[in-house]
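Reading through the structure tokens given below for one structure.
The values are calculated or read from the model by the stated rules, or taken from the named source; none is laboratory data. Only a predicted model underlies this, so the values are computations on that prediction, with no experimental measurement involved. Glycine gets a Cβ as well: all are built from the backbone with ideal geometry, and neighbour counts include every protein chain shown. Ligands, DNA and RNA are stripped out before the accessible areas are found, and what is left, the full protein with its side chains, is counted by its heavy atoms. Shrake-Rupley method; radii C 1.70, N 1.55, O 1.52, S 1.80 Å.
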Amino acid sequence: MLSKYFIFLRVFLFSAAVASVRVCKEGNERETHPVLCRMVDKLIEDPESLSLDIYDWAKRHNALLDIDQEASLLIERHLRGTSGGTPVVMAHGMGDSCFNDGMKRVTEHISTLLGGSYSTCIPTGDNQQEDTTNGYFLNMDASVQVFAKKVRSDPALADGFHAMGFSQGNNVIRGYIAKYNDPPVKTFISVNGVNAGEGAVPYCRPSIRHNLSFPSMCDLLMEQASRAAYTSYAQEHSFQANYWRDPRKSAWKE
């Protein structure tokens, strides 16, 4: 009985600190989302290990942003014509984090390009671990809400800012503009955005059988690349399910 109490307490504290995380119900939810449900279990049981898995997967697939010559030229081209003096806010992509060294270097580089203008990356978690896992398991609406709260708490952004989104981070900024936009976004720069949704999963291919003891990030993404993305549980607990736009009519047609 005491062990059940501590498990409940751990789930409650984790949910309060990060998101409204609910373990899958036995039966239909676990049958429909075997990988997502196992990932949510791991998120509650060992969030540090899951965060490292996500980071390693993103690093192997070159999904972590950093400054090299190509990235520098790309950012400089996008910022051309942007007025100096106005702060710049960034939102990172899937698997990345504002606390990663690469995003820190990108933030510093943008400030330098704009003559020392205030530049900041707004995370959806309070540390690298939370920011990384929230990129998968904090849904889009909740992510936008966290983003807006952090923007409003920064006095340097009170008069408005330029916003630059990278990959999935564009959805957060688009959501902020549509729902809040106070302080206002003066210029929105979308880099590799998924603003019209996503209908494919780069780098991944379907598995014949999932290893539910150790499911991979590709297993998770491929599970969401289906009608399963449109269930209430997936929409509540998967950021990627929120912008999955299945090109097959059979996936959404009743």
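SER238 meets all of the listed conditions (1) among the small types (Gly, Ala, Ser); (2) modelled with pLDDT of 90 or more; (3) open to solvent by 50 Å² or more (accessible area, probe 1.4 Å) but one, namely (3).
If you check SER111, SER167, SER143 for being touching a Ser or Thr at 6+ places or on another chain (Cβ under 7 Å) and touching a residue at least 24 places away in the same chain (Cβ under 8 Å), only one passes: SER143.
Being crowded, with 21+ Cβ neighbours inside 10 Å and part of a loop (DSSP other than H, G, I, E, B) is a condition met by at least one residue of the stretch 173-195. Scanning the stretch 148-170 for residues that are in a helix (DSSP H, G or I) and in contact with a helix residue (DSSP H, G or I) (Cβ under 6 Å, 6 or more places away or on another chain) yields a count of 3. Taking residues in the stretch 21-45 that are of a type in the set (Lys, Arg), and partners anywhere that are surrounded by 19 or more Cβ atoms within 10 Å (Cβ to Cβ), the pairs with Cβ atoms closer than 6 Å and at least 6 places apart or on different chains are ARG30/CYS24; ARG30/CYS37; ARG38/PRO215; LYS42/LEU50.
Cβ separations smaller than 8 Å between residues 6+ apart or across chains give the following pairs from the stretch 188-201 residues that are at pLDDT 80 or above to residues that are of a type in the set (Phe, Trp, Tyr): VAL191/PHE166; ASN192/PHE166; VAL194/TYR243.
Residues of the stretch 125-136 being open to solvent by less than 20 Å² (accessible area, probe 1.4 Å) and free of Cβ contacts under 8 Å to residues at least 60 places away in the same chain, which ones? Answer for the stretch 125-136, where residues must be open to solvent by less than 20 Å² (accessible area, probe 1.4 Å) and free of Cβ contacts under 8 Å to residues at least 60 places away in the same chain: just ASP131.
Quick one: which residue in SER72, SER117, SER15, SER20 is open to solvent by 20 Å² or more (accessible area, probe 1.4 Å), of a type in the set (S, T, N, Q), at pLDDT below 95 and farther than 22 Å from ALA234 by Cα? None of the others qualify; the one that does is SER72. Just so you know, in the stretch 143-164 the residues that are of a type in the set (Lys, Arg) and open to solvent by 60 Å² or more (accessible area, probe 1.4 Å) include one that is farthest from LEU113 (Cα to Cα), and it is LYS149.
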